Amino acid sequence: MEKLKVQTITKRYGRKVILDAVSFELQPAKIYGLLGRNGAGKSTLLNIITNRIFANQGAVMLGEQNVNNNQASLGQFYLMSEAELNLKHTKIKDLFSGAELAYGNFDFENARRMLTAFKISEDQTLAKLSTGLKTAAKLTVALNVNADYIFLDEPTLGLDANHRELFYHELMRTYGERPRTFVISTHLINEVQQLLENVIILDRGKIIVDEPVIDLLAKAYEISGPSNLVDQYTHGLKILTSHNFSRIKTVTVVEKLAEQRTLPDQVKVDHLDLQKTFTALTDGGNEGE
Amino acid sequence: MHFEFDQSAPLYQQLADQLAEMIFTGIFKEGEQVPSTTQLSQELNMNPATILKGMNQLVDQHLLEKRRGRGMFVLPGAQKQLAHQHREAFYQDYVASLVTEAQRLGIDEEQLLALIKRGYQNGKA
């Protein structure tokens, strides 16, 4: 398996810049979270990587090959997205045979086992399923298709809590059996945090984080206490968010705290989880697409 | 076997601590195999790289050993070593914080000693 390199991708719609010189690499056999607020450019990016739409500038490379219109390279990529090719009479088993036709070596046995777990029959028509079960059917295809890079755009859309748990479990299972790269784009950050090895955060068309989750969380803090002491302690740090309640000030920072900073008794430093780190880093972001 | 995770420490650290506790309490016995990275990953829905990092901490502490192609095993003496570590940590985790909290509440040394004696008496009952 080869590295996937996204090189200075820029995408504009009219005057609006959706992606602004985005560059990063995906390593083989790792699980990535692609996080961003609505309108940050996540879906556009995934669509460009998988050659469904085209960038104004930049390239996507698999190893040394440009993937643009390169069927051999694109045959290593699979994108599961909201987009509906909703052919009225498509049955789930047609999705399976479609994946077999396009990619070969579809894991029919595991796919059927997963469908049973989701309590769907392969003879059911996709258009007649609820949003959640449609997602479950698409996930079943995505986790059993023969590709080295699997992109999951909002893979939990409409799934109830039980089915989301089942998806997380099935993902760990298939990843354990055949490690390959998964890129998960979702807003349910707390739920996927422990599934991820690396995280990429897209904010208003730019990459602002690209590193292992462990490294990011190791330097993500919430600091709270009496205002003046918090100000003293955080002097010189970049404050991402700040909140006052009565005489207590709570701020978030995402950077290493030097050992020599002495912590006053009344000031408390806590680690942030991935979701809080994300909201702190993207609080200036726009909402709505 | 039951694991619980919160945000107090990195996940791999919490996993390592909880596995160590299971070794200490004898759920995993010396010489026995512990669940594999893949098994734990599926059981906990957790990235196997995180699990491996946690397990490697225990390998570094000489509590587990990797046997090539077979998995991870609890090393002889692991339980004794953990007991020693627990005693070492007892001062920091309990005594030091007990004294700090007592001072915060205005409980002096004599009163604190009396309270500890009371704890012993209640413990006997």
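The values are calculated or read from the model by the stated rules, or taken from the named source; none is laboratory data. Just so it is clear, the model here is predicted, and its values are computed rather than measured. All Cβ positions, glycine included, derive from the backbone under ideal geometry; neighbour counts span all protein chains shown. Remember, those area values only see protein heavy atoms, side chains included, never the ligands or the DNA or RNA. Shrake-Rupley method; radii C 1.70, N 1.55, O 1.52, S 1.80 Å.
Can you confirm whether A:Ser224 is among the small types (Gly, Ala, Ser), modelled with pLDDT of 95 or more and closer than 30 Å to A:Ala117 by Cα?
no
What about B:Phe28, is it in contact with a Leu (Cβ under 6 Å, 6 or more places away or on another chain), away from chain A (no Cβ under 13 Å) and not charged (D, E, K, R)?
no
Give me a count of the residues in segment A:113-138 that are free of Cβ contacts under 8 Å to residues at least 40 places away in the same chain and over 18 Å from A:Arg164 (Cα atoms).
Result for segment A:113-138: 6.
Within segment A:173-289, which strands (runs of 3 or more DSSP E) (wholly inside it) include 2 or more residues that are within 25 Å of B:Ser8 (Cα to Cα) and within 13 Å of chain B (Cβ to nearest Cβ)?
A:198-203, A:220-226, A:268-271
Select from segment B:74-92 the residues that are part of a helix (DSSP H, G or I) and open to solvent by 80 Å² or more (accessible area, probe 1.4 Å) and write down the one among them that is nearest to B:Leu63 (Cα to Cα).
The selected residue is B:Lys80.
Among the candidates B:Ala96, B:Ala20, which residue alone is closer than 26 Å to A:Val269 by Cβ, modelled with pLDDT under 95 and outside any loop (DSSP other than H, G, I, E, B)?
B:Ala96
For the condition within 28 Å of A:Lys219 (Cα to Cα), within 14 Å of another protein chain (Cβ to nearest Cβ) and in contact (Cβ under 8 Å) with a residue 24 or more places away in the chain, what is the one hit in B:Ala16, B:Ala9, B:Ala49, B:Ala20?
Just a single option satisfies the conditions, and that option is B:Ala16.
Out of (1) within 13 Å of chain B (Cβ to nearest Cβ); (2) of a type outside the set (S, T, N, Q); (3) out of contact with any strand residue (DSSP E or B) (no Cβ under 8 Å at 6 or more places or on another chain), the odd one out for A:Ala136 is which?
Checking A:Ala136 against (1) within 13 Å of chain B (Cβ to nearest Cβ); (2) of a type outside the set (S, T, N, Q); (3) out of contact with any strand residue (DSSP E or B) (no Cβ under 8 Å at 6 or more places or on another chain), the one that fails is (1).
Considering only residues that are assigned to a helix (DSSP H, G or I) and open to solvent by 40 Å² or more (accessible area, probe 1.4 Å), look in segment B:31-41 and name the one that is nearest to the other protein chains (Cβ to nearest Cβ).
B:Thr38
Out of all the residues in segment A:153-169, is one or more assigned by TED's automatic domain parsing to the domain that holds A:Arg52 and either on the phi > 0 side of the Ramachandran plot or in contact with a Pro (Cβ under 6 Å, 6 or more places away or on another chain) (or both)?
yes
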